[in-house]
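First the structure, in the form of structure tokens, and then the observations on it.
Derivation of every value follows stated rules applied to the coordinates shown; laboratory data play no part. Please read all numbers here as calculations on a predicted model, not as lab measurements. We place every Cβ from the backbone using ideal geometry, glycine too, and count neighbours over all the protein chains shown.
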Amino acid sequence: MDITRNSVTCNDRTVELSKNEARILYLLLSNPKAVVSRFELMDELWQSDEFVDDNTLTVNINRLRAKLTSIGASEDFIQTRRGIGYQIGLREND
């Protein structure tokens with residue numbers, strides 16, 4: 001991930017990310033073995049969850065997943081932990 005360019009590379013392919021997509025991915029990559037709660041993500045992106053529809057985060061996650069998949073990342077690279085949040089999908093030997 002190149003945080004200065006809001007881009008990510010996988011399998012020698014690069015895709016640009018929106019500001020929010022980059023922030024989501026950065027937060028998940030910064031906590032590779034932890035589940036990052038929806039609240040933490042919403043707070044990081046919008047500094048509040050008061051005026052943001054819960055679906056807004058879901059839309060951002062889905063767009064990020066689509067971009068990652070388009071460059072060859074595993075479909076389950078970002079895993080949903082129902083009722084809790086999101087986590088980077090770890091390989092069995094990680």
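Quick check on the chain: helices-only [θ] at 222 nm, where DSSP H runs of length 4 and up contribute -39,500 (n - 2.57) each and the sum goes over total residues. Nearest 500, please. If you can, show how the numbers build up before the last one.
Details: 3 runs with 38 residues, N = 94.
It lands at -12500 deg cm²/dmol.
Can you give me the orientation-averaged projected area of the convex hull built on the Cα atoms of region 7-88, in nm²?
Over all viewing directions, region 7-88 projects a mean Cα-hull area of 5.0 nm².
Expected output is a single nm value to one decimal: the length gained when fully extending between LEU27 and THR80, i.e. 0.36 nm times separation in residues minus the C-alpha distance. What is it? The partial results should precede the final answer.
Numbers: separation 53, 0.36 × 53 = 19.08 nm, distance 1.46 nm.
Once the chain is fully extended between LEU27 and THR80, it gains 17.6 nm.
Out of residues 5 or more away from GLY89 or on other chains, whose amide H comes under 5 Å of its own, with H placed 1.01 Å from N in the peptide plane?
ILE78, GLN79
Given Cβ point charges of +1 (Lys, Arg) and -1 (Asp, Glu) and nothing else, what value in debye, to the nearest 20, does the dipole of the chain about its Cα centre take?
Values: 12 positive and 15 negative charges, 46 e Å.
The calculation lands at about 220 debye.
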